[in-house]
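Beneath this line is the structure, given in structure tokens, with notes to follow.
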Amino acid sequence: MIDSLNMLTDSKRELLTMLHRHHYSNCREFQLTIDALNLYDQFEENPEEIFLHSSLFKSNILRSNTAINSDSSILVSSGTSGQRSRIFADRETRVSQQRALLKIVGERLSLSPRHRIPYYVIDTKDILVDKSQGIQARQAAIMGFNMFGKSPNYLLNSDFSIDLKVLEKLISDDQPKLLFGFTWVVYKYFLMELIKQGINFTIPNSYLVHGGGWKKTLKEGVSNDKFKSLVTQLLSITHCINYYGMIEQTGSIFMECSHGYLHVNQFSDIIFRTNTLELSSINNPGIVQSISLLPKSYPGHSLLTEDFGVLRGYDGCKCGANGKYFEILGRLNKTIVRGCSDVY
Amino acid sequence: MFIDTPDKSEQLLANLLEAKNITNHGLNVRSELLNKLGMLIRKKAIDHKDKELLALSNYFLEVSDYKKIIGNKILQPRGLVFHIPSSNITYMPFYSWATSFLVGNINVVRLSRRANLNSLRLILNFFSSVSSKLYVNQYFVLPDYFNSIMNGCLGSIDLRLIWGNRDTISTIRKDSPLSIGLDLSFPDRYSACLISSNYYKVASDTQISQICKLFQNDSLDGSFGACSSPHLLIWISEESPSSDNFPLLYDLNTFIKNDVQEYGSISTENIRKFQESIITNDFSFKYLALGKYKGRPFLLYQDDLKLLPTFLQNASQSATIVLYIKSISEIKNVLPKNIQSMTYSPGISSEELSSLVADLDSNLPDRIIPLGRALDFDVVWDGYNLLEIFGRLVTFK
Ligand SMILES: [Zn+2]
């Protein structure tokens with residue numbers, strides 16, 4: 001039985017339809033995938049049935065008829081292994097993504113760019129960047145969260161050891177602070193190192209926001225719960241908030257609520273699908289299709305991912321927030337689909 | 001021996017350059033060893049209900065009974081054989097190896113980077129339970145070391161087998177040419193499947209789920225990643241299928257296991273493959289989308305039959321092309337050349353098949369086999385008897 005809870009609200013469907021039309025008229029590759037299966041008629045009737053596989057951004061730079069100029073940029077995913085995604089963002093898309101991030105994070109953390117607080121990045125200043133390749137997603141996220149903070153303090157040296165001077169500064173007073181880092185980096189180079197050195201402290205009135213890189217963390221058997229309890233034990237920080245987002249859909253991230261669920265927001269939505277790609281019902285794990293209503297310079301508005309997760313409910317979360325709430329459970333097992341032609 | 005370190009790799013190269021034409025225990029001993037290995041693996045496969053492993057053990061047993069295949073002909077080893085297997089079937093390296101081992105060759109087998117090394121190690125562990133003799137002159141090499149070993153002894157290789165696509169084959173041949181050895185390749189092909197809707201219409205639920213099970217088996221769980229998987233589906237029916245009226249797709253979809261974590265990646269991968277393929281290949285042919293099976297579209301071909309081979313070439317990696325014919329006698333008019341395997345569903349009689357074989361004449365696929373058997377590996381592959389390829393037939397009058 002298909003659960004209507006897994007569908008989109010009417011207003012989001014309308015916006016999605018408009019985005020489909022926009023990318024259809026402006027992006028040749030998007031148009032080809034629509035025409036090949038005659039999906040044009042579905043734009044209005046079933047807009048959520050139209051999606052691109054997120055890996056297409058690894059093999060192609062998909063653009064929606066936007067001129068390349070000094071204001072446009074290519075965002076590159078930070079993965080160390082395999083091919084990287086390359087996202088073509090023009091000024092308009094970038095600005096709308098920054099605004100969305102500001103609104104989503106601002107509301108969740110009750111922070112405002114007008115009252116900036118000290119900003120600590122659990123990462124190194126020297127993230128390897130080859131500028132000719134584009135802007136690294138990690139760098140972009142650090143800068144994105146900087147909207148709420150004063151100039152960033154980097155807690156890790158270039159060799160990923162903890163910069164003790166910055167750490168001292170972090171724990172020297174009780175004023176509210178914003179800490180940000182990639183889950184994997186926070187876990188491996190900060191939390192593990194604190195354990196090794198037998199250090200723990202209290203950071204009152206503050207926030208740790210972390211996301212991305214969770215695939216590696218899960219691989220090591222570190223669940224979100226375990227991560228949280230480590231953070232509580234070592235940093236005793238007031239708020240530890242996870243988010244789910246992807247470089248292809250910068251800005252419209254899904255933030256974790258006080259009850260540990262991820263929530264959709266006005267800029268995003270999420271759909272879970274079965275193995276036959278039907279909508280899955282509530283509490284049944286499904287393949288994640290992630291929707292962002294922001295991208296206009298590239299067709300990244302509706303993406304089928306290789307993650308799986310589960311819809312937990314609609315409007316009923318104990319945190320009080322409305323809309324869908326869900327959990328991400330991990331990465332689909334990579335059943336390697338091989339061809340006779342693949343020797344390697 | 002498992003070659004997984006630079007030291008072992010250097011040692012192997014030195015050995016290969018020095019020692020050649022070492023007799024490997026005699027044909028009867030080898031056949032017995034292969035038989036024992038097959039029996040052990042078979043037991044494991046049955047215990048663990050592992051279909052792929054069972055197929056491998058059956059192949060070992062079949063080949064070890066070599067007299068059934070070559071009769072009283074005398075087979076001599078060729079010498080040093082290099083195997084470059086495809087990675088679509090986990091145990092492919094061992095199919096290629098077993099045949100050549102039986103003949104008595106020194107074998108160097110490349111293990112795929114993408115293959116599940118644990119599964120491959122499992123087989124190698126069985127070697128030691130059978131006999132250390134199995135290790136003599138048999139080398140299984142991690143891809144990191146394979147090329148340097150191969151390039152180090154190109155002049156000494158007697159036979160090289162490449163199971164890959166045309167690009168892979170020509171790259172290997174260009175970068176690592178053999179001086180005198182025989183170079184044999186099995187380029188990728190596509191395969192067909194014949195289903196009679198007359199049978200389908202009257203089949204019971206059990207029979208239908210059996211057909212779905214066999215089809216799923218042939219399609220490698222819906223990935224269609226083998227050249228013997230059905231890329232062309234010939235649907236024999238009085239009426240044309242449509243998106244509302246194609247019961248096979250509906251049934252196949254209801255048959256799918258819904259463990260998303262375990263099986264979801266085939267569906268997403270099929271979507272990816274199709275979208276990539278649409279972007280890079282020409283799909284401007286007339287066809288009708290009938291629906292999807294695990295994300296893979298089934299497209300009813302409606303264009304000029306002369307263009308079908310081109311469309312198959314562009315689309316068959318990412319979509320299954322459906323041809324609809326009214327009776328089995330029409331196949332000779334529609335079947336493209338160069339089909340590797342053709343499976344047939346229940347409901348097609350042996351008389352019909354015999355007359356089909358006669359009709360097709362020079363256009364026969366390499367194998368015509370029942371539905372569900374597409375992935376079985378045969379000693380005769382792509383029209384070659386592998387035992388005879390791996391050995392030298394001695395004339396004795
Ligand atoms: Zn909540």
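The table below lists the values:
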{"read-out": "Cβ charges +1 (Lys, Arg) and -1 (Asp, Glu), total dipole of the protein assembly as shown, debye", "value": "1680 debye"}
{"read-out": "Residues in region A:26-50 that a label on A:E92 would reach, taking backbone N under 16 Å of a point 7 Å out along Cα→Cβ", "value": "A:26-28"}
{"read-out": "Kirkwood hydrodynamic radius over Cα pairs of region B:190-370, then Stokes diffusion coefficient at 10 °C and 1.306 mPa s, in µm²/s", "value": "96 µm²/s"}
{"read-out": "Extreme residue, positive dipole direction of the protein assembly as shown, given options A:P299, A:A36, B:W163 (C-beta unit charges)", "value": "B:W163"}
{"read-out": "Leading residue at positive end of dipole, region B:190-370 (Cβ point charges), from B:Y344, B:F224, B:I234", "value": "B:F224"}
{"read-out": "Peptide-level mean, for B:280-289, of C-beta atoms on other protein chains within 10 Å", "value": "2"}
{"read-out": "Average Cα contact separation per residue, chain B, under 8 Å, 6 or more apart, as relative contact order %", "value": "18 percent"}
{"read-out": "Antiparallel %, DSSP beta bridges [both residues in region B:190-370], to 5", "value": "20 percent"}
{"read-out": "Highest-MSF residue in chain B out of B:S170, B:S196, B:S354 [GNM, Cα springs under 10 Å]", "value": "B:S354"}
{"read-out": "Under 14 Å, Cβ to Cβ, from B:F126 - net charge with Lys/Arg +1 and Asp/Glu -1", "value": "+4"}
{"read-out": "Estimated dipole of region A:3-340 in Debye, rounded to 20 [Cβ of Lys and Arg +1, of Asp and Glu -1, Cα centre]", "value": "860 debye"}
{"read-out": "Cα gyration tensor shape for chain B, rounded if a/c is under 1.5, else prolate or oblate", "value": "prolate"}
{"read-out": "Distance in nm between pseudo-label sites at A:N333 and A:K125 (7 Å out along the Cβ direction from Cα)", "value": "4.7 nm"}
{"read-out": "Given B:K201/B:K294; A:K188/A:K215; A:K296/B:K273, the pairs whose alpha carbons are separated by over 20 Å", "value": "B:K201/B:K294; A:K296/B:K273"}
{"read-out": "Calculated Rg and Dmax of the protein assembly as shown using C-alpha coordinates, Å", "value": "29.4, 99"}
{"read-out": "Two-site FRET efficiency, B:Q207 against B:S284, from Cβ-Cβ distance with R₀ of 45 Å, rounded to 0.05", "value": "0.70"}
{"read-out": "Relative contact order of chain A, pairs being alpha-carbon contacts under 8 Å that are 6 or more residues apart, as %", "value": "19 percent"}
{"read-out": "Mean Kyte hydropathy of -0.5 or more with a Cα span along the axis of at least 24 Å, helices from DSSP in chain B", "value": "B:27-47, B:260-280"}
{"read-out": "Free-standing Cys, chain B [no other Cys Cβ under 4.7 Å]", "value": "B:C153, B:C193, B:C212"}
{"read-out": "Inter-chain shielding of B:248-258 (mean C-beta neighbours from other protein chains, 10 Å cut-off)", "value": "2"}
{"read-out": "Only Lys, Arg (+1) and Asp, Glu (-1) charged, at Cβ; region B:190-370 dipole about Cα centre in debye", "value": "280 debye"}
{"read-out": "Tally of Lys pairs whose C-alpha atoms are under 20 Å apart, taken over region B:1-88, 8 or more apart or cross-chain", "value": "7"}
{"read-out": "Amide H contacts of B:L194 (H built 1.01 Å from N, under 5 Å, at least 5 apart or other chain)", "value": "B:I234, B:T343, B:Y344, B:S345"}
{"read-out": "FRET efficiency for A:K150 and A:K318, using Cβ-Cβ distance with R0 set to 25 Å, rounded to 0.05", "value": "0.15"}
{"read-out": "Counted charge near A:D90, where neighbours are those whose Cβ lies closer than 10 Å (Asp, Glu -1; Lys, Arg +1)", "value": "+2"}
{"read-out": "Within a Gaussian network of chain A (alpha carbon springs, distance under 10 Å), most fluctuating of A:P295, A:P152, A:P113", "value": "A:P113"}
{"read-out": "Positive-end residue, region B:190-370 charge dipole about Cα centroid, Cβ charges, pick of B:N314, B:L288, B:S327", "value": "B:N314"}
{"read-out": "Relative contact order of region B:81-234, pairs being alpha-carbon contacts under 8 Å that are 6 or more residues apart, as %", "value": "21 percent"}
{"read-out": "Cα extents of chain A along the three principal axes, largest first (Å)", "value": "62, 50, 46"}
{"read-out": "Chain A, helix-only ellipticity at 222 nm - DSSP H runs n ≥ 4, -39,500 (n - 2.57), divided by all residues, nearest 500", "value": "-7500 deg cm²/dmol"}
{"read-out": "DSSP loop GluC sites (Glu not before Pro) with at most 11 other Cβ within 10 Å: longest gap in chain B", "value": "B:1-237"}
{"read-out": "Spatial separation of Cα centroids for region A:172-205 and region B:1-52, in angstrom", "value": "53 Å"}
{"read-out": "Nearest-ten-degree value, helix A:91-109 long axis tilted from longest Cα axis of chain A", "value": "50 degrees"}
{"read-out": "Helix axis angle, A:224-235 relative to chain A longest principal axis, alpha carbon, degrees", "value": "20 degrees"}
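Bear in mind that the values in this text are calculations on the coordinates, not laboratory data. This one's a predicted model, so the numbers in the text were calculated from it and none came from an experiment. Cβ sites come from the backbone with ideal geometry, for glycine too, and all protein chains shown count toward neighbours.
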